[in-house]
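This report refers to the structure that appears directly beneath it.
The values are calculated or read from the model by the stated rules, or taken from the named source; none is laboratory data. From a predicted model like this one, the values you see are computed outputs, not experimental measurements. Using ideal geometry, Cβ is built from the backbone for each residue, glycine included, and neighbour counts are taken over all protein chains shown.
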Amino acid sequence: MIFFGLVYIQLIRGGYYYELAERNHIRIIEWDAMRGRIFDRNGKVLADSKLTFDIVVIPQDFRDKNLRRLSEILNINIDKIKKKIKLGYLSPFSPIIIRENATKREALLAEQEKFDLPGVLVQIQPKRYYPDREAGANILGYVGLIDRSRITKLKNYGYEIQDIIGYGGVEEYCDINLRGESGGIQIEVDNRGRQKRVLGIRPTVKGKDIVLTVDSRIQKKAAELLADKRGAIVAMQPYTGEILGMVSSPSFDPNLFTVDNSNAEIKRILNDYRSPMINRAISSSFAPGSVFKIVTAIAALETKKATPNTSFVCNGSLRVGNRSFACWETHGLQNFMQAIIHSCDVYFYSLGLLVGPDMLTRYAKEFGLGSKTQIDLPGEDKGNIPDRMLRKLKRKQDWYKGDTANFAIGQGEILVTPLQATRLVASVANGGFVPTPHIVEYVANEKAHKDKTPGKLPFKQSNLEFVKISLRKVVEADSGTAHLSGLDTLKAAGKTGTAQASNGKTHAWFVGFCPADKPKVAFCVFLEYGGSSHSAVAVAQELLEFMSSEGMLN
Amino acid sequence: MNNYNKIIIGLVILILAFGLSVLYSVTYQRGQLFRDVFLDQLTWAGIGIFVLFLVSNINYRRFFDLAFFIYGLSIVFLLIVLLTGREILGARRWVELFGLNFQPSEIAKLGIVLVLARIFSQRQSYARNYFSGTSFVQELLIPILITLVPVGLIFLQPDLGTALLFIPVFFAMLIVGGAKIKYILSLFILMILSVPVGWHFLKPYQKDRLMVFLNPNVDPLGAGYTVIQSKIAVGSGGFLGKGWLAGTQNQLNFLPERHTDFIFSVIGEEWGFLGAMLLLLLYAALIYYLLLIAFQSKDKFAKYLSSGFIALLVSQIVINISMTIGICPVVGLCLPLISYGGSSMFIFLIFIAILLNINKKRIVF
């Protein structure tokens, strides 16, 4: 009986008990690694790990007779310290924080008297800090304790409970690079949990620094322009897809998430009906309105359903089927370019009906609408491009001519993210390339992306050129929907959009590029429930004027 | 002339040495147990071997004469310990005499076995003289009463383990003594029937231990702690063990009572399955040679005495090891000749010495 007992317990289950014994006497104290910093394209710090000092007490070494001196240094009364030790006690060797975020003076005093105060230590704790606060929050994200859903997903990649990880934006997307490797100290403890000796130390490895393509000046200016509005601004290098600026409003202060005791404010942010945590530039999509006319125009020219000389008469409305579709004005006789300049709906209803819904869908998809842009940020929305066939197959609904008319002017089921709209206009600006937008330029001095030439759209150059010139005229012509003298001076080009939203209000859009002949920036200004497109045009003018004054458009 | 005696002495010295090496490891780390524990045991082992030689030269028949004296002495000590004994870990098991602490229950082991051997060996002659045939009173009642008095006193200490230890001893002597099967069986059945009644006489901590045996995890930090830690220690030793002085459960103080009742856990942890088997082999060899002596003896007293002692030795080894690996409830029994403690070691050595003398005398006859 004894023999079999021993065979079972020592030979068969030996491994199991061995592990139990190991766990019995080995403890690991983790040290957090410094998270990598995030810089903008000019080397300005966007996210930093500041060192803070925590004054801690190691219970097994601390002597009660030193309570008085400790209370003098920290200016906390003795009972409070006692209470903190009692509440924070985990094991004899795990430090209990007595003073978080101690001042330099306190830290110095405690360090000086180290030998008189055994068991009192100054612990250096990296804390995340975002100097620009709200301005970059939606692209940067924030850091916090890992949550349950993420730990189950990321367990195999070395993530553990109590890890600090990035949420949203670059912090989340590049977490694996930013986080570094936490180190620690492995100690042997006895039955009462007292430290006996140190078995091993693994130093922490600092996370990798990241350089973004964004320019913090643009970020700040854009955030300022959107300060009391809802919406998004995207500025992109039209050839490479580098995101120069991306701001969503309202925003939040990511610093709140790294400070304890700010739960109330975090709750306020999370419960805000305007959803400050959502990056409107990529994570939500809206009807593009007249911005979509760029696609309709290209589609009509490419399918040879229209030429630049095609004209229609705008009587203020068009009868399609048994319904009348209104234009926002009565434009009279309009040729193609005039229709773009004035954003004539009747002209584009007619074009759309000529082209047909299937071709509109096809050309919209050529421009990358309806699918993710593959930007290196989490939570991207793919928008929606209506599809006659899919509607028939999936929802068993018919497609009517009225749907085509709506589609042609970017209304109805079509949804586009501001980033997709930016890329659309960039493709026109750069002569038919669809760039992949990206925001991370370098990870620890290594280029994050291979420079690959984006696929050239199989369109006739003359057609693209015609649309491009038309977009310039939208700003240049006195009757253009985006005619503002400031924009004109900067040689900006673009297309406005006033999209009907669900509750009778309208979204204001303005997408464009600048300067028209040698575009340095493609941009999108989107104002959620912003009224007429004119307000978006005004915002764009201010942004471009600022960029020009900073010499970014030369 | 056989050489059993030399072999037995050799085995005893090996076992004592093994035990000392384990105790050295137990006290290696400066903790609650100090080097004294090892040095004490070393001294006792030295004296013990001397006692072994001394007693083996005393004619064992002297113990026939002394049986009732030793028995009486143990009862006196048991009474003293109940009235004045020092309380250690909630039980009065120790008595101080001439500056030495010892456990009277150990002397009782000697007393009971001697007296039982004596009356069993005289039984037939009594019967022939005073009664016609053996009677129930003669064969069972008197031996039971004789056993129950000291056992009851031990039970009151309380020391359930030692008290229950006399059950296998009693049965072994009864069987070897040739008692009628129906008496043995009826006694056995009676005992099983009395188990539920006995439950009510147990102390709360004894009930806890029994409950914990059924499931140690009901109270992992209280009553179940020792068993869990002991199982972890033994199991983690694996086949080869963690090495002398290198058992983490031992060195880091996770094992309570590891110098006394739970010393086998240390052996399992540091010496592994191999070491545990080595110890069991040494014990088996010792028991084998003791059995040879018992069976070759023609003298009834010698035979009963030997079998009683061997039953005691085997039961104590089996129960002790079983409890450290969680296959029987925890009771306060030490591992013979290995665990720290002078009283137990001396009594076992005296028993062995008596058997050595039996072997010598057999040759002389």
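In the range A:393-400 there is at least one residue that is under 23 Å from A:SER290 (Cα atoms), touching a helix residue (DSSP H, G or I) at 6+ places or on another chain (Cβ under 9 Å) and touching a residue at least 12 places away in the same chain (Cβ under 8 Å). Please pick out the residue among A:THR204, A:THR213 that is touching a Phe, Trp or Tyr at 6+ places or on another chain (Cβ under 6 Å) and at pLDDT 80 or above. One residue alone meets the criteria, A:THR204.
If you check A:LEU51, A:LEU74, A:LEU90, which single one turns out to be under 45 Å from the mean Cα position of the chain (by Cα), over 30 Å from A:GLY245 (Cα atoms), away from every other protein chain (no Cβ under 14 Å) and loosely packed, with under 15 Cβ neighbours inside 10 Å?
A:LEU90
For the range A:508-526, taking the residues that are touching a Leu at 6+ places or on another chain (Cβ under 9 Å) and surrounded by fewer than 24 Cβ atoms within 10 Å (Cβ to Cβ), the one that is nearest to A:GLU329 (Cα to Cα) is identified as A:ALA516. Of the residues making up the range A:1-48, those that are outside any loop (DSSP other than H, G, I, E, B) and either within 14 Å of chain B (Cβ to nearest Cβ) or of a type in the set (Lys, Arg) (or both) number 25. Among the residues of the range B:249-264, those identified as more than 8 Å from chain A (Cβ to nearest Cβ), outside any loop (DSSP other than H, G, I, E, B) and either without any contact (Cβ under 8 Å) to a residue 40 or more places away in the chain or under 18 Å from B:LEU16 (Cβ atoms) (or both) are B:ILE263, B:PHE264. For the range B:236-248, the set of residues classified as at the interface with chain A (Cβ under 7 Å from one of its Cβ atoms), at negative phi and in contact (Cβ under 8 Å) with a residue 24 or more places away in the chain consists of B:SER236, B:GLY237, B:PHE239, listed by residue number. At least 3 residues being in the same structural domain as A:ALA444 (by TED's automatic domain parsing) and touching a helix residue (DSSP H, G or I) at 6+ places or on another chain (Cβ under 9 Å) is the threshold, and among the strands (runs of 3 or more DSSP E) wholly inside the range A:167-265 those reaching it are A:231-236, A:243-249.
Would you say A:PHE407 is in a helix (DSSP H, G or I), among the aromatic types (Phe, Trp, Tyr) and either assigned by TED's automatic domain parsing to the domain that holds A:MET359 or touching a Lys or Arg at 6+ places or on another chain (Cβ under 7 Å) (or both)? Quick ask: steps written out before the conclusion?
Working: in a helix (DSSP H, G or I): yes; among the aromatic types (Phe, Trp, Tyr): yes; either assigned by TED's automatic domain parsing to the domain that holds A:MET359 or touching a Lys or Arg at 6+ places or on another chain (Cβ under 7 Å) (or both): yes.
Spelling it out, A:PHE407 is indeed in a helix (DSSP H, G or I), among the aromatic types (Phe, Trp, Tyr) and either assigned by TED's automatic domain parsing to the domain that holds A:MET359 or touching a Lys or Arg at 6+ places or on another chain (Cβ under 7 Å) (or both).
Against the conditions (1) farther than 30 Å from A:ASN463 by Cβ; (2) out of contact with any Leu (no Cβ under 7 Å at 6 or more places or on another chain); (3) surrounded by 14 or more Cβ atoms within 10 Å (Cβ to Cβ); (4) among the polar types (S, T, N, Q), A:ASN322 satisfies every one except (3).
Of everything in the range B:272-295 that's among the hydroxyl-bearing types (Ser, Thr, Tyr) and touching a helix residue (DSSP H, G or I) at 6+ places or on another chain (Cβ under 7 Å), which residue is farthest from the other protein chains (Cβ to nearest Cβ)?
The first filter runs over the range B:272-295 and keeps only residues among the hydroxyl-bearing types (Ser, Thr, Tyr), leaving B:283, B:288-289.
If we keep only those that are touching a helix residue (DSSP H, G or I) at 6+ places or on another chain (Cβ under 7 Å) too, we end up with B:283, B:289.
Values: B:TYR283: 10, B:TYR289: 20 Å.
It comes out as B:TYR289.
Suppose we keep only residues that are part of a loop (DSSP other than H, G, I, E, B) and either in contact (Cβ under 8 Å) with a residue 60 or more places away in the chain or crowded, with 18+ Cβ neighbours inside 10 Å (or both) within the range A:106-145. Which one would you say is farthest from the chain's Cα centre (by Cα)?
Going residue by residue through the range A:106-145, those that are part of a loop (DSSP other than H, G, I, E, B) are A:113-119, A:130-132, A:141.
Within this subset, residues satisfying the condition of being either in contact (Cβ under 8 Å) with a residue 60 or more places away in the chain or crowded, with 18+ Cβ neighbours inside 10 Å (or both) are A:117, A:119, A:130-132, A:141.
On the way: A:LEU117: 47, A:GLY119: 44, A:TYR130: 15, A:PRO131: 17, A:ASP132: 15, A:GLY141: 7 Å.
The extreme case among them is A:LEU117.
For the range A:373-399, residues that are surrounded by fewer than 15 Cβ atoms within 10 Å (Cβ to Cβ) and not in a helix (DSSP H, G or I) total 4.
When B:PHE68, B:PHE98, B:PHE18, B:PHE53 are checked against the criterion of being closer than 30 Å to B:VAL151 by Cβ and modelled with pLDDT of 90 or more, a single residue qualifies: B:PHE68. When A:PHE39 is tested against (1) over 21 Å from A:ASN191 (Cα atoms); (2) not assigned by TED's automatic domain parsing to the domain that holds A:GLN186, just one condition goes unmet, and that condition is (2). Within the range A:156-194, the residues that satisfy the criterion of being closer than 15 Å to A:GLU30 by Cβ and within 14 Å of another protein chain (Cβ to nearest Cβ) are A:GLN186, A:ILE187.
If you check A:GLU441, A:GLU413, which single one turns out to be among the acidic types (Asp, Glu), part of a loop (DSSP other than H, G, I, E, B) and touching a residue at least 24 places away in the same chain (Cβ under 8 Å)? Full working, then the answer.
Working: A:GLU441 fails: part of a loop (DSSP other than H, G, I, E, B).
When all the criteria are applied, what remains is A:GLU413.
Cβ-Cβ contacts under 8 Å between residues 6 or more apart (or on different chains), taken from a first residue in the range A:58-83 that is touching a residue at least 60 places away in the same chain (Cβ under 8 Å) and on the phi > 0 side of the Ramachandran plot to a second residue that is part of a helix (DSSP H, G or I) and polar (S, T, N, Q), are absent. For the range B:296-322, taking the residues that are β-branched (Val, Ile, Thr) and in contact (Cβ under 8 Å) with a residue 12 or more places away in the chain, the one that is nearest to the other protein chains (Cβ to nearest Cβ) is identified as B:ILE321.
Quick check: anything in the range A:161-182 surrounded by fewer than 15 Cβ atoms within 10 Å (Cβ to Cβ) and modelled with pLDDT under 80?
Taking the range A:161-182 as the starting set, the residues that turn out to be surrounded by fewer than 15 Cβ atoms within 10 Å (Cβ to Cβ) are A:161-162, A:181.
Next, from what is left, pick out any that are modelled with pLDDT under 80: A:161-162.
Yes - at least one qualifying residue is present in the range A:161-182.
Scanning the range A:267-282 for residues that are surrounded by fewer than 17 Cβ atoms within 10 Å (Cβ to Cβ) and either part of a helix (DSSP H, G or I) or touching a residue at least 60 places away in the same chain (Cβ under 8 Å) (or both) yields A:LYS267, A:ARG268, A:LEU270, A:ASN271.
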